[in-house]
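Just so you know, all these numbers are worked out from the coordinates, no wet-lab data involved. Note that this is a predicted model, so its numbers are computed, not measured. Cβ: placed from backbone, ideal geometry, glycine included. Neighbour counts: every protein chain shown.
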Amino acid sequence: MTEVVHTPRVFSGIQPSGGLTLGNYLGAIKRFVEMQADGIESIYCMVDLHAITVWQDPDKLRHATRELCAGYIAAGLDPAKSILFNQSQVAEHVQLSWIFNCVARMGWMNRMTQFKDKAGKNRENASVGLFSYPTLMAADILVYHATHVPVGEDQKQHLELTRDIATKFNHDFGTDFFPITEPVIEGAATRVMSLRDGTKKMSKSDPSDMSRINMTDDADAIAQKIRKAKTDPDALPSEAGGLEGRAEAQNLINIYAALAEMSVEDVLGEVGGKQFSAFKPMLVDLAVARLSPISAEMDRLMQDEAEIDAILADGSERARAIAAPILKKTYEIVGMVGA
């Protein structure tokens, strides 16, 4: 078997199923920008096909897709350096996902905790897409032979499935065609929690807008949400061990550390002993300084939807130039005539 050398390539994506939050920014987009700066070929997607695993209003989906693209650019992704596109414009994703549906095992899919969480007690009425979307996620990654995927902690299980699918495909067909992709999970706030409940992930679907910071929030809204964020009565500790069992304190310190690009230990070295009444104004000033320019640029970009659509169209052409040969070779390996 001839060894295949896989060129380093980064892929990741976010669902355009509502507005961008601070969680999306710190858990994903900020790291997308950092990886772009490393000079590795980077492909960043708006995964609109994943979004429709639960029903979406078509007009809102279109708006959210464009707004997500604007968020990527406003945060620092350069369409000339990274490939930016929406998933539905590159058909190879879905074509490869069918191959992977036939490689993945039902036992693997049944272990996916996100389906259980999202379907809840209404499992029988959940869409087939909600159950099978991890194979589409594997196809999103492997159709580009991506070697690294920056993801939040909650997506780690899906990356493990992607690795299992690549390993089984390679074994079944006696090849090493697909790379064993490495997740990139790092930083102080890879999992940003709700401002109202530090045990729950910050979510754009939470009924309370006060539970999250939206990337479209202005300075006043950011300040108000941080001031009203749930805390506890104790002073901040001087060491990380003192945050154990204090979910809300841990969350706010993590957010500060990520925005300031400091370690949690260094932050606590500065703020240890302070009450939240002293710490929250510090966090407000930092968050407003970091996030307000992004929200202002997003607003400016959204004034010209045609330009965003042109960026997405160009990105999809560049993405297909990579994906199409990989899909063709996959079909050949599987035994499809005419591939």
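Points to keep in mind about this one:
- Set of aspartates and glutamates near Lys274 by C-alpha distance (under 18 Å), chain-local residues within fewer than 8 positions excluded: Asp232, Asp234, Glu239, Glu244, Glu248, Glu265, Asp266, Asp285
- Contact order, relative form, for the range 209-299: 39 percent (alpha carbon pairs under 8 Å, 6 or more residues apart, mean separation divided by residue count).
- Modelled FRET efficiency - R0 41 Å, Phe173 with Arg300, Cβ distances, 0.05 increments: 0.25
- Computed over the chain, relative contact order equals 23 percent, with contacts defined as Cα pairs under 8 Å that lie 6+ residues apart.
- Nonlocal amide H pairs with Arg9, under 5 Å, H built at 1.01 Å: Thr147, His148
- Think of the chain as having a plus end and a minus end, set by charges on the Cβ of Lys, Arg, Asp and Glu; of Leu142, Leu243, Asn125, Asn125 sits farthest toward the positive end of this dipole.
- Each Lys and Arg adds +1 at its Cβ and each Asp and Glu adds -1 at its Cβ; summed about the Cα centre, the chain shows a dipole of about 920 debye.
- Here Ser292, Ser12, Ser316, Ser277 are placed in order of increasing Cβ neighbour count within 10 Å, fewest first, which gives Ser277, Ser292, Ser316, Ser12.
- Helices in the chain, meaning DSSP H runs of at least 4 residues, each add -39500 (n - 2.57). Divided by all residues, the mean residue ellipticity at 222 nm is -16500 deg cm²/dmol.
- Nearest-ten-degree value, helix 156-172 long axis tilted from longest Cα axis of the chain: 20 degrees
- This ranking places His6, His171, His148, His50 by how few other beta-carbon atoms lie within 10 Å of each, fewest first, which gives His171, His6, His148, His50.
- Nearest-ten-degree value, helix 92-103 long axis tilted from longest Cα axis of the chain: 80 degrees
- Amide H contacts under 5 Å for Arg212, placed H, 5+ residues apart: Leu195
- Those residues of the range 72-116 whose amide nitrogen sits under 14 Å from the label point placed on Asp164, 7 Å along Cα→Cβ: 101-116
- Across all directions, the average flat footprint of the convex hull enclosing the Cα atoms of the range 209-299 is 5.5 nm².
- Stretching the chain fully between Met262 and Ser205 yields a gain of 17.6 nm (0.36 nm per residue, less the alpha carbon separation).
- Charging the Cβ of each Asp and Glu at -1 and of each Lys and Arg at +1, and nothing else, the dipole of the range 209-299 about its Cα centre rounds to 300 debye.
- Against the chain, whose longest principal axis comes from its Cα atoms, helix 58-75 is set at around 70 degrees.
- Centroid-to-centroid separation of the range 6-65 and the range 219-270 [C-alpha atoms, Å]: 26 Å
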